Amino acid sequence: MTAPQVEVLLQTILSGLLLGGLYALIGIGMTLIMGVMKIINLAHGELMMVGMYIAYVLFSTFHIDPYLSILVAAPALFLLGVFLQKFLINPVMKVDAIIPENQVILTVGIGMVLANIATIIFSSDYKTTPVDYATKAWYLSDIWKTSPIEISLSLPWTVSFCCALAITGGLWFFLGKTDMGKSIRATAQDKDAALLMGVNVEKMRVVTFGLGSALVGSAGCLFIPIYYLYPDLGGQFTLTAFVITILGGLGSTVGAIVGGLILGVFESLTSTYAGMGWAPVGRFVIFLAALIFVPQGIMSLFTRKRFGK
Amino acid sequence: MKKYLPLLIAGILALLPLIGLSSYWMHILILVIMWSVIGMAWNLLGGYCGQVSFGHAAFFGVGAYTAGILYNKTGMSAWWGLPASIVVVALFALLIGYICLRLKGPFFALGTLAMGVILRVTAENLTTITEGDLGIMIRERTWIDKTYYFYIILILAVASFFVVKKVIESKLGYYFVAIREDQDAAESLGINTTFYKTVALSLSAVITGLAGAFYTNYMGYIDPKIVFALHDISIVTIMVVMVGGVATFWGPFVGAIIMVFLAELIRSIPKLGAAHHTFFGILLILIIIYLPNGITGDNPKLKRLLRMGKTT
């Protein structure tokens with residue numbers, strides 16, 4: 001490979017990693033909900049869309065920076081998630097029906113309503129937040145003067161990636177070190193045992209759904225400086241989140257991070273070398289490959305050896 | 001009496017065009033019957049076999065595109081797409097089944113959903129075969145009058161009704177229900193669950209594909225965003241069955257009537273037309289919470305609710 005080709009490849013992989021960091025944040029939200037409640041939230045992308053519209057409204061009326069709007073969007077989405085779980089999903093989990101996937105179909109209904117309400121309020125035009133740093137970039141040669149190859153990265157992508165890292169770190173601390181985080185993990189592992197240990201399972205479910213929604217809402221705020229926004233955007237991100245969850249292994253947080261990064265890099269590679277239109281197909285090729293070759297998720301490759309002993 | 005009810009209803013429907021309905025009403029009737037065909041197909045897989053598919057648009061679209069590509073590339077009449085789609089859709093169903101039937105429950109649902117999206121994106125990008133976003137137009141319509149189309153879809157509907165009824169009342173149907181109720185238990189009783197799930201999926205897919213091929217002929221225009229639509233095909237299919245009645249013979253028909261009329265009603269109200277997904281979503285949420293087995297499936301419950309409404 002010649003030097004320019006290496007540059008393109010490295011550039012592609014790096015921007016893929018940045019994208020993957022954001023994907024991981026979306027995936028973690030879904031994986032949390034899946035682990036604790038054992039249902040797939042098909043309104044996940046739509047919740048992200050709501051978060052993005054909150055950031056958009058704050059930017060266009062009060063000129064608040066999209067990154068700062070996380071502080072508004074995350075609590076708002078938390079409340080929305082709590083509301084959905086308490087008044088819609090919880091009652092359905094108790095209903096006895098022929099089709100066991102009722103809750104999944106319910107989340108589809110919720111997603112439809114959210115997307116349609118957004119269309120009515122904001123019309124289906126494409127919206128952006130034209131921040132002044134949107135097109136800024138930083139170069140490798142700024143830091144390393146004598147570098148043999150040149151790599152440039154978009155500034156907002158980098159900031160978003162760092163924010164995603166910070167949020168993931170915060171979540172890791174919450175789940176690992178606090179009492180409530182431990183209760184959530186206990187509920188995910190074994191609902192009945194957690195109940196016997198005095199964990200308020202109902203409350204944990206509500207909190208988890210709120211937390212998952214808040215995570216995906218803040219991912220939306222991180223996405224909006226670099227992405228455009230329209231009401232039907234949710235569906236594709238729901239699918240992305242699902243692919244990440246399958247790739248990383250169901251209910252595994254670390255898996256979701258690894259899965260998100262892999263997906264980001266792969267998608268970036270497909271759009272560089274096969275054309276933009278094929279990027280969604282690349283996403284699903286990964287999905288199918290994961291289903292056929294590593295049905296337990298990426299993380300199972302590392303844990304299998306331990307079981308063998 | 002109950003035994004002849006299907007024939008009676010088919011007979012009444014067959015006589016309907018004779019009373020001179022307007023073209024618009026014929027269109028509504030054709031849509032109702034087409035949706036009940038798709039609903040019956042979904043019900044076979046989702047209602048009886050318990051494998052909830054979110055990607056029936058995949059089969060619908062493949063059927064529609066088989067007819068469209070056949071017409072566009074070889075110049076044959078698009079009606080040949082109906083027999084051709086049986087073969088093509090069956091092959092696709094085997095492939096999709098091979099991949100997706102490894103998944104259980106909600107994961108199967110999402111796997112099929114992803115399949116629908118993959119096929120849509122592929123159809124958008126393979127411009128040499130599918131004409132991409134331009135879509136395929138059937139330039140010569142076979143008939144102007146809608147009556148012929150009505151009889152064709154009616155024959156299709158009656159045929160699929162009897163196929164579904166025969167399958168469900170045979171041994172196969174009991175296998176399906178056993179798989180739905182408890183897959184592991186069914187497996188332990190010696191039922192080859194993967195095989196029977198594939199059978200259910202293929203049968204369901206073929207019927208949906210036939211409806212798709214009919215759609216190409218009837219509408220005369222297809223493009224990837226219409227025939228592979230997630231909300232307007234896959235989700236509406238589920239809604240037709242959920243509203244009408246899961247795992248009942250008449251559910252899809254009842255559901256199709258309600259959904260098509262509701263869609264037309266909402267669309268005809270000015271300003272509310274854009275909100276039809278909201279109404280569908282709210283209806284779906286209400287149905288799942290209050291009548292989880294649909295109007296036909298929860299008939300006793302519905303009657304009780306209505307009576308309570310009257311007394312209080």
Exercise. Quick one: accessible area per residue over chain A, 1.4 Å probe, rounded to a whole number of Å²?
Worked result: 44
Exercise. Residue by residue through region A:225-231, which ³J(HN,Hα) values in whole Hz follow from phi under the Karplus form 6.51 cos²θ - 1.76 cosθ + 1.60 (θ = phi - 60°), with glycine and proline marked x?
Worked result: x, 10, 10, 9, 9, 8, x
Problem set entry | Listed pairs A:Lys94/A:Lys203; A:Lys38/A:Lys86; A:Lys191/B:Lys197 exceeding 20 Å between Cα atoms | A:Lys191/B:Lys197
Problem set entry | Solvent-accessible area lost in complex, 20 Å² minimum, residues of region B:215-250 relative to chain alone, 1.4 Å | B:His231, B:Ile235, B:Met242, B:Val246
Problem set entry | Relative contact order for chain B, counting Cα pairs under 8 Å that sit 6 or more residues apart, in percent | 30
For this session: Divide by every residue of chain B the summed helix terms, -39500 (n - 2.57) for each DSSP H run of at least 4, and state the resulting mean residue ellipticity at 222 nm, rounded to the nearest 500 deg cm²/dmol.
Result: -23000 deg cm²/dmol
For this session: In whole Hz, with x marking every Gly and Pro, tabulate ³J(HN,Hα) for region A:273-290 from phi via Karplus 6.51 cos²θ - 1.76 cosθ + 1.60, θ = phi - 60°.
Result: 9, 10, x, 4, x, 8, 3, x, 5, x, 4, 7, 4, 4, 4, 5, 4, 4
Seminar exercise, completed: Expressed as a percent, the accessible surface of chain B that is carbon or sulfur, using a 1.4 Å probe and the full set of protein chains, is 70
For this session: Mind jotting down the three principal axis lengths of region B:1-93 based on Cα atoms? Whole angstrom, largest first.
Result: 43, 38, 22
Seminar exercise, completed: Taking only Cα atoms of region A:1-117, the Rg to Rh ratio with Kirkwood Rh works out at 1.12
For this session: Working from the alpha-carbon coordinates of region B:166-254, get Rg over Rh, Rh being the Kirkwood radius.
Result: 1.05
Exercise. Based only on the alpha carbon positions, what is the Kirkwood hydrodynamic radius of region A:38-192, in angstrom?
Worked result: 19.1
For this session: Pairs of Cα atoms under 8 Å, at least six residues apart: use those to get the relative contact order of region A:175-309, whole percent.
Result: 18
Exercise. Taking all pairs of different Cα atoms in region A:126-242, averaging 1/r and flipping that mean, what Kirkwood radius in angstroms comes out?
Worked result: 17.5
For this session: Enumerate the calculated ³J(HN,Hα) couplings along region B:210-216 in order (Karplus 6.51 cos²θ - 1.76 cosθ + 1.60, θ = phi - 60°), each rounded to whole Hz, writing x wherever the residue is Gly or Pro.
Result: 4, 4, x, 4, 5, 4, 4
Problem set entry | R0 of 51 Å, Cβ-Cβ distance B:Ile282-A:Leu10: FRET efficiency to nearest 0.05 | 0.55
Problem set entry | 5 angstrom amide H check on B:Tyr221, placed H, neighbours 5+ away | B:Ile138
Problem set entry | region B:174-312 shape via C-alpha gyration tensor axes, a/c threshold 1.5 | oblate
For this session: Classify region B:100-234 as rounded, prolate or oblate from the Cα gyration tensor: take a ≥ b ≥ c as the square roots of its eigenvalues, call it rounded if a/c is under 1.5, otherwise prolate when a/b beats b/c and oblate if not.
Result: oblate
Problem set entry | Whole-Å semi-axes of the ellipsoid equivalent to chain A (Cα gyration tensor, √5λ, descending) | 32, 25, 19
Problem set entry | Chain pair A, B: total accessible area buried, heavy atoms, 1.4 Å probe, Å² | 3600
Seminar exercise, completed: Interface residues of region B:114-150, defined as losing at least 30 Å² of accessible area versus the chain alone with a 1.4 Å probe, are B:Ala114, B:Val117, B:Ile118, B:Val121, B:Asn125
Seminar exercise, completed: In terms of the alpha carbon gyration tensor, root eigenvalues a ≥ b ≥ c, rounded if a/c is under 1.5 and otherwise prolate when a/b exceeds b/c or oblate, chain B is rounded
For this session: On the full set of protein chains, 1.4 Å probe, figure out the accessible area of B:Ser23 and give it in Å² to the nearest 10.
Result: 70
Exercise. So how compact is the protein assembly as shown: Cα radius of gyration and Dmax in angstrom?
Worked result: 25.4, 91
Seminar exercise, completed: Nearest-0.05 FRET efficiency for A:Tyr227 and A:Leu165 at R0 = 22 Å, using Cβ-Cβ distance, is 0.75
For this session: Would you mind telling me the share, in percent, of accessible area of region A:79-204 contributed by carbon and sulfur at probe 1.4 angstrom?
Result: 65
Problem set entry | Long pairs among B:Lys104/B:Lys303; B:Lys104/B:Lys171; A:Lys177/B:Lys104, criterion Cα-Cα beyond 26 Å | B:Lys104/B:Lys303; A:Lys177/B:Lys104
Problem set entry | Full-stretch length increase - B:Ala10, B:Asp182 - with 0.36 nm per residue and alpha-carbon distance subtracted | 58.4 nm
Problem set entry | Accessible area per residue in Å² at 1.4 Å probe, computed on region B:185-312 | 42
Problem set entry | Length added when fully stretched, A:Ala137-A:Ala193, from 0.36 nm per residue minus Cα-Cα | 15.0 nm
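The values are calculated or read from the model by the stated rules, or taken from the named source; none is laboratory data. Keep in mind that what you see is a predicted model, and the values were worked out from it rather than measured. Heads up, the Cβs are rebuilt from the backbone with ideal geometry, glycines too, and the neighbour counts pull from every protein chain shown. Accessible surface areas use protein heavy atoms only, side chains included; no ligands, DNA or RNA. Shrake-Rupley method; radii C 1.70, N 1.55, O 1.52, S 1.80 Å.
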